[in-house]
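Read through the structure below, which is laid out as structure tokens, and then see the notes.
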Amino acid sequence: MRGQRRKCPFGAPDATGRQRLPGRRELPRAAGTRDLQLRRFPVAGFDCWGRPLGVSRMFFYLSKKVAMSNNVKLKCISWNKDQGFIACGGDDGLLRVLKLETQTDDTKLRGLAAPSNLSMNQTLEGHSGSWYEEMINNRNKSVVRSMSWNADGQKICIVYEDGAVIVGSVDGNRIWGKDLKGVQLCHVAWSADSKALLFGMANGEIHIYDNQGNFMVKMKMNCLVNVTGAVSIAGIHWYHGTEGYVEPDCPCLAICFDNGRCQIMRHENDQNPVLIDTGMYVVSIQWNHTGSVLAVAGSQKVITQDKDVNTVQFYTPFGEHLGTLMVPGKQMSALSWEGGGLKIALTVDSFIYFANIRPDYKWGYCSNTVVYAYTRRDRPEYCVTFWDTKNNDKYVKYVKSLISITTCGDFCILATKADENHPQEENEMETFGAMFVLVLCNSIGTPLDPKYIDLVPLFVTMTKTHVIAASKEAFYIWQYRVAKKLTALEINQITRSRKEGRERIYHVDDTPSGSLDGVLDYSKAIQGTRDPICAITASDKTLIVSRESGTFQRYSLPNVGLIQKYSLNCQAYQLSLNCNSSRLAVIDILGVLTFFDLDARVTDSTGQQVVGELLKLERKDVWDMKWAKDNPDLFAVMEKTRMYVFRNLDPEEPIQTSGYICNFEDLEIKSVLLDEILKNPEYPNKDYIINFEIRSLRDSRALIEKVGIEDASQFIEDNPHPRLWRLLAEAALQKLDLHTAEQAFVRCKDYQGIKFVKRLGNLQSEPMKQAEVAAYFGRFEEAERMYLDMDRRDLAISLRLKLGDWFRVLQLLKTGSGDADDSLLEQAHNAIGDYFADRQKRLNAIQYYVQGRNQERLAECYYMLEDYVGLENLASSLPENHKLLPEIAQMFVRVGMCEQAVTAFLKCNQPKAAVDTCVHLNQWNKAVELAKSHNMKEIGSLLARYASHLLEKNKILDAIELYRKANYFYDAAKLMFKIADEEAKKRTKPLRVKKLYVLSALLIEQYHEQIKNAQRGKVKGKSSEATSALAGLLEEEVLSTSSRFTDNAWRGAEAYHFFILAQRQLYEGYVDTALKTALHLRDYEDIIPAVEIYSLLALCACASRAFGTCSKAFIKLESLETLSSEQKQQYEDLALEIFTKHTPKDNRKSELDGLLEGGEGKLPTCVATGSPITEYQFWMCSVCKHCVLAQEINNYNFCPLCHSAVG
């Protein structure tokens, strides 16, 4: 099941004690050492933990041999990772330091990886330096067996054979020391976090200690199960993750024994390590600088030879075998990696052998983009970089569990293991194990279409229309689509794409007929086969599948049908078809390149005619090759550090380089120096892209330059290629040999070139022809100068117009002697304005737009610069109904400038938009004014809708303000009265309630005035002012017959005014005046609660000693139904207490008679004093129509009731 850990698929041991793999074809030992090793690690598609085993391989070859003087045998070697020094030790105390010369600028340009010349070779004798006193090796009874630095280089652990252990610091001070009793030590290693130490014993055991020397546990060695006899440890190497890991939780601790058994662990307590049986006698092991390759050095017996063969085996951290390197000599003793992982040093007898490594990077090339992947220490995923080599732009994606990168055309396929938490689509597929993803990306890394498959994509290839992924047993074909090819109908049918046959799967043992018989049946992917797939390749019409037995199966595309089977005596690693699918290039696992003609018909040894012929060309030590895209007989091959170009199987002289071939087209080879890029992958350099011209192109150019066009033409006739004909055509044009140029353009099928030559033939002037040719080759300055010398300024301007060089166009237009074309001047000014606007330099753009009279872009620049004055001036300068006015108005609306927006809308005759703008910006006065002036009736509904919206949010005051601004005073007054009534019920401050009632009454007064003015306007000129006022009153009466506040709007304000005034007079000591004022409150019981009115009246009467009035007030209080019995009893008790002392009679009854009687015909009341007005002269407020005594008004600047100014 997906997500569960798989057990390592080792089978039962054979007679030699080694495990065999189930379902794996056993190859005889005579088949070669590589095949011997391939069967001793997990290869059934997954590693021990369910990870897919890729098909990564490395190519390596011996490049240099250094001999020691006096034939001193070497014992050990170490290569400094930073400075590159190599130290080797041997018999008789030999210590020699060597250094390979570093790369020069010249070698970098040629792309030579790891040069091999020695720059230093020195024997060190008579050492004068030593450790500090505490770290001196003065233990004469034992010898040092091993030492190890921790990950950060701050501590070193030294172990002696007799069990002594010393841990010291980098400055030479001893940290601690310990004697391990009864053991013989031979190896030591630090953990990555420096918290644990591994001690290897002479008897093969490994003990784990903490960093203070305390024993923790003995390590279990799974690789020694079923092993008998004594074994010793050949090497322990723990990679500390300094360059990141190839996968999260990747094995990094390698332990190997001399009998060839090896185990690779994630940590010291890993219970499920990767187990390897190398089948050799091991002397040394070491990880490379990234922990991605483990080198195992030793020797092994080969049946075909009597002596042991020195061998280096290379493995991935998951046990996958990468290859074998054979080394001459008698006895290998040690190995060491170079710091960049591109070289390895081996000590054999008295020699040092250097081998170059060509890593199989995860990379590809598509559409001028190099795609490469690398690991980083701070990220668990692969960092996949899409580097646009043309523009030097870089796009980075992080991909988990990347398996491979495959490219073709403009697209790229990233094969990865799917996230186990990925939610699958409904009915997507049945699952048989771990899922994988093929992600189709474009050249900037944008995922276009991911496909989830249940087939391990060990091998992936792609064409312009198909992606083919293969496991060991089956291959999956997907006809992919990209967005530019999809129609709307196809987009809707994507979910049914599987049923349409766009995805099919075939078992390698099937024999498809070519009809649409392939189905998406993943059960085929788990059916075994005796002859697994080892490589695939495809072109637009052919698919080649190679199997480990040497059988090649040829299928047709797009309808998959088995056409032919071929048999070759090799196991392929890399396949490649030429551009017409007639020849197949095969690089086998030994690095041997052979070629096979797929369509040739030959007679075999039995006299039967067979299809397919193995060509005679064979090259060794090949690690890369590429067919030309436009010539089926051209291809480039990488051998060691040389690139060979072949034409019809004949090689040209080699080119020194170690670049990986990106593209071979137009007789040019583009190569990328991946070794250099991956030294600093975050900052790729254009210098690491190298273009090579093949010999025919170089020779043709030399012939043209030195001999002449005729001889060059004959050479190109003998070696035809479109690129060569194009070269000849360009040279003929330079010399105005139009006949030769036309013939050459015809041969390279360049229709545009033919038309150009025809046009040149119609020109009479030689200087004119030369100027046209100069422009054709991009020498525009020269062409312009020629045009101007011929006094053809129009042609110079036309040239610059085609180039889009508007600055030069404007310059030419202004410097000419004749009148410039006005339209062309405007076009130039506008184009330059666009140039500055696109670069956010809008101030500069405005200058040119003004001269180009481009109001649209001018308005846009003003708006973006927030120059609203300029925008307003532009709007005012435009004629009425100009098409730009609505757009400018919308710009003003967006920034809340209502007045300017309304002006613009009205200028283009859009009053409805102007009103909508006012509503949107809450300018209701303006909106009502516009609606009325343009006879628009919908303003009332808009107003009501917005007011209801405010009321729903309980924003009553906002609604009142809205109505007031819109001159809907009646509606505003209703809401204000509602608020005043609510505040009065809350028993809040009387002054606040009075203010609310005053505001309500003022709104009613404005409403009255509005009605009168409306009627006055209707009857203007027909009758007197009295008649119009009467008509207004009649209309008002009709509109508001049921509202109490329209009849007497000031009633609430009066009530609270007298209520406050009476209390103020009482507290100031004017008790008689306070009593008179309080008596007025009896008329306002509907506004102020009666209990408050009569309580105040009783208090004032008592203070004024008008006990008769006080008695009446108590009688009223005791009869109120709103009081409880307890409250009434309290009033009765208080009245009893007062009137037992005082007779309930008024002493100044005559003065209160008028006030006590009340009723109709009573005198007006002074709102300043609360007293009745008995005089004929008094002041009346023009707003509230209330009166004040003439002698009192002199003390006020404002009306005591409504607070309007005293006129």
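Within the shell of other residues whose beta carbon sits under 11 angstrom from the beta carbon of residue 563, the net charge comes to +2, with Lys and Arg scored +1 and Asp and Glu -1.
Once the chain from residue 954 to residue 1180 is taken as fully extended at 0.36 nm per residue, the excess over their C-alpha distance is 77.5 nm. Take residue 735: with every protein chain present and a 1.4 Å probe, its accessible area is about 130 Å².
The portion of the accessible surface of the stretch 1163-1206 made up by carbon and sulfur, rounded to a whole percent, is 55 (1.4 Å probe; DNA, RNA and ligands excluded).
Which entries of 155/195; 75/178; 141/181; 64/99; 195/218; 301/343 have Cα-Cα distances beyond 18 Å here? Long pairs (Cα-Cα over 18 Å): 75/178; 301/343. Mind grabbing the base-10 log of I(q)/I(0) for the stretch 1163-1206 at q = 0.20 Å⁻¹? Debye formula, identical points on the C-alpha positions, no solvent, two decimal places. Results for the stretch 1163-1206 at q = 0.20 Å⁻¹ read -0.51.
Gyration tensor over the Cα atoms of the stretch 1050-1158: the corresponding equivalent ellipsoid has semi-axes (square roots of 5 times the eigenvalues, largest first) of 21, 18, 12 Å. In the stretch 867-935, a dipole from Cβ-located charges (positive for Lys and Arg, negative for Asp and Glu) runs towards its positive end, and of 911, 868, 886 it is 911 whose Cα lies farthest in that direction. Placing pseudo-labels 7 Å out from each Cα toward the beta carbon at residue 179 and residue 822 gives an inter-label distance of 11.1 nm. Excluding same-chain neighbours fewer than eight residues apart, the lysines reachable from residue 1141 by a Cα-Cα span under 21 Å are 1112, 1116, 1128, 1149. The simple Förster model, with R0 at 41 Å and r as the Cβ-Cβ distance, assigns residue 249 and residue 782 a FRET efficiency of 0.05. Once the Cβ-Cβ distance of residue 880 and residue 978 is raised to the sixth power relative to R0 = 60 Å, the FRET efficiency obtained is 0.80. With a simple spin-label model that places each label point 7 Å from the Cα along the Cα-to-Cβ direction, the separation between residue 1205 and residue 738 comes to 9.4 nm.
What would the Debye equation give as log₁₀ I(q)/I(0) for the stretch 282-386 at q = 0.14, 0.17 Å⁻¹, counting only Cα atoms as equal point scatterers? Cα-only, vacuum Debye calculation for the stretch 282-386: -0.64, -0.84. Note that the stretch 140-219 shows a convex hull volume over its alpha carbon atoms of 83 Å³ per residue. Select from 669, 595, 692 the residue farthest towards the positive end of the dipole of the stretch 565-700; place +1 on Cβ of Lys and Arg, -1 on Cβ of Asp and Glu, and compute about the Cα centre. Going by the charge dipole, the pick is 595. The fraction of accessible area contributed by carbon and sulfur in the stretch 1050-1158 is 48 percent, rounded to a whole number (1.4 Å probe; ligands and nucleic acids excluded). Each peptide in 765-773, 76-84 receives the mean, over its residues, of other Cβ atoms within 10 Å, and ordering these scores from highest gives 765-773, 76-84.
The charge dipole of the stretch 1050-1158, taken about its Cα centre with unit charges on the Cβ atoms of Lys, Arg (+1), Asp and Glu (-1) only, comes to about 340 debye.
Heavy-atom accessible surface of the stretch 1050-1158, averaged per residue, reaches 52 Å², computed with a 1.4 Å probe. Each Lys or Arg adds one and each Asp or Glu takes one away; over the other residues whose Cβ falls under 14 Å from the Cβ of residue 786, this sums to -2.
Report the net charge of residues surrounding residue 308, where surrounding means a beta-carbon distance below 12 angstrom and charges are Lys +1, Arg +1, Asp -1, Glu -1. Net of charged neighbours comes to +2. Listed by chain and number, the lysines whose alpha-carbon sits under 24 Å from that of residue 390, ignoring those within fewer than 8 places in the same chain, are 108, 362, 464, 484, 626, 629, 670, 679, 686, 802.
Applying both filters, DSSP loop and at most 15 other Cβ atoms within 10 Å, to the trypsin sites (Lys or Arg not before Pro) of the stretch 175-264 gives 181, 195, 220. I'd like the distance separating the alpha-carbon centroids of the stretch 193-231 and the stretch 542-599, in whole Å. About 49 Å separates the Cα centre of the stretch 193-231 from the one of the stretch 542-599. Shown here: the stretch 867-935, whose C-alpha atoms stretch 29, 22, 14 Å along the first, second and third principal axes, sorted largest to smallest.
Mind checking the full-extension length gain between residue 85 and residue 1103? Use 0.36 nm per residue of separation minus the Cα-Cα distance, one decimal, nm. Don't skip to the answer; put the middle values down first.
Working: separation 1018, 0.36 × 1018 = 366.48 nm, distance 11.63 nm.
Result for the pair: 354.8 nm of gain on full extension.
Taken about its Cα centre, the stretch 140-219 carries a charge dipole of roughly 140 debye when the Cβ of each Lys and Arg holds +1 and the Cβ of each Asp and Glu holds -1.
How high is the FRET efficiency between residue 69 and residue 551 when r is their beta carbon distance and R₀ equals 35 Å, given to the nearest 0.05? Approximately 0.10, to the nearest 0.05.
Under 5 Å between amide H atoms, partner at least 5 residues away or on a different chain: which partners does residue 519 have, H built in plane at 1.01 Å? The answer is 505.
Post the alpha-carbon centroid distance, the stretch 621-676 to the stretch 813-868, in whole angstrom. If you average the Cα positions of each part, the centres end up 52 Å apart.
Farthest towards the positive end of the charge dipole of the stretch 140-219, among the residues 184, 209, 166, is the Cα of 184, using unit charges on the Cβ of Lys, Arg, Asp and Glu.
Taking residue 912 as the anchor, which aspartates and glutamates have their alpha carbon closer than 18 Å to its alpha carbon, excluding any fewer than eight residues away along the same chain? List returned: 880, 887, 899, 929, 938.
A full extension of the chain between residue 699 and residue 444 corresponds to an added length of 88.1 nm, given 0.36 nm per residue minus the alpha carbon distance.
When the trypsin sites (Lys or Arg not before Pro) in the stretch 842-880 are filtered for DSSP coil states and for at most 16 other beta-carbon atoms within 10 Å of their beta-carbon, the remaining sites are 853. The alpha carbon centroids of the stretch 382-412 and the stretch 1067-1088 are separated by 93 Å.
The values are calculated or read from the model by the stated rules, or taken from the named source; none is laboratory data. In this text the structure is predicted, and so the values were computed from the model without any measurement. Cβ: placed from backbone, ideal geometry, glycine included. Neighbour counts: every protein chain shown. Heads up: the accessible areas ignore ligands, DNA and RNA and are worked out on the full protein's heavy atoms, side chains in. Shrake-Rupley method; radii C 1.70, N 1.55, O 1.52, S 1.80 Å.
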